[in-house]
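Accompanying notes for the structure given below.
The values are calculated or read from the model by the stated rules, or taken from the named source; none is laboratory data. The shown structure was predicted, so the numbers you read here are calculated from the model rather than taken from an experiment. A quick note on method: Cβ atoms are made from the backbone with ideal geometry, for glycine too, and the neighbour counts reach across all protein chains shown.
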Amino acid sequence: MAENDFRCVECNEKATELHRDYSNGILKITLCGSCQKPVDKYIEYDPVIILIDAILCKTQAFRHILFNTSLAIHWKLCVFCLLCEAYLRWSLRRSSEPSGDPADIIRYAKELEFYGMVALAALELSAFCGGVLLVLRASSRRLRGDGADLRPLLRALLLSCYGKVLLVPAVIWEHDFLPLCLGFIKLFVLTSNTQAVRVILNCRRRLAFWAVCAGLLSETLAARTGQTLAAAFWKGAVFD
Ligand SMILES: [Zn+2]
């Protein structure tokens, strides 16, 4: 990580280092020049505590993860979340279909359906990120112009989707409250997305909220289009 890339988790001021090594085995946490508090108190914390604070959507924990760590698992996490989402839809669809039906489509077609669900989930995620980036580019001065680097924002959006991994246990432990659980997971992911946008841009909560709403709208439109196309594809495949 380059110098000056660190941020104070308390006041968002830039910092050159998180701690200083005095070479005789003594490490001292750097104090922020602006607020006089430790630049990043989380470097001493257990990862579980950091995760709990991130789940609670604490701004400090988000700043620690997004600015002061070089966590580069966002693409792997993205693929895993897409698989979780596709599995959820696939399993819900399978459970709603009558089993043992002699007219049931052959097994490989069902597997093909799973990959179709992955593609649909990828389309929806792309539409969501595209919608958020579009609104922020139009309204944030920092993101205007050709030289604006959108990668930190995209990384923040993908990392803040980590709540989607909860979809798998929600489906495996099947119960009557599944729709309610899925609603809560969606709300949690959107709240995390809003907080990630707010932290990365250091913008007002309202702007982050409306950007995520635009992303959600874009995702819903993409889902409708994708489902219509998929239905037309399966209809064509059955009648051909
Ligand atoms: Zn500070």
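Points worth noting:
- Residue in region 15-30 that is without any contact (Cβ under 8 Å) to a residue 24 or more places away in the chain, within 16 Å of the ligand (Cβ to nearest atom), surrounded by 14 or more Cβ atoms within 10 Å (Cβ to Cβ) and in a loop (DSSP other than H, G, I, E, B) present: yes
- The set of residues from region 187-205 being farther than 21 Å from E10 by Cβ and either of a type in the set (S, T, Y) or in contact with an Asp or Glu (Cβ under 6 Å, 6 or more places away or on another chain) (or both) comprises just one member, T191.
- Residue selected from region 31-56 under the condition of a type in the set (S, T, Y) and within 16 Å of the ligand (Cβ to nearest atom), by the criterion surrounded by the most Cβ atoms within 10 Å (Cβ to Cβ): Y42
- Qualifying residue in region 90-108 (condition: part of a helix (DSSP H, G or I), modelled with pLDDT of 80 or more and aromatic (F, W, Y)): yes
- Looking across region 32-58, the residues that are touching a helix residue (DSSP H, G or I) at 6+ places or on another chain (Cβ under 6 Å) and closer than 17 Å to G163 by Cα come down to I50, D53, A54, C57.
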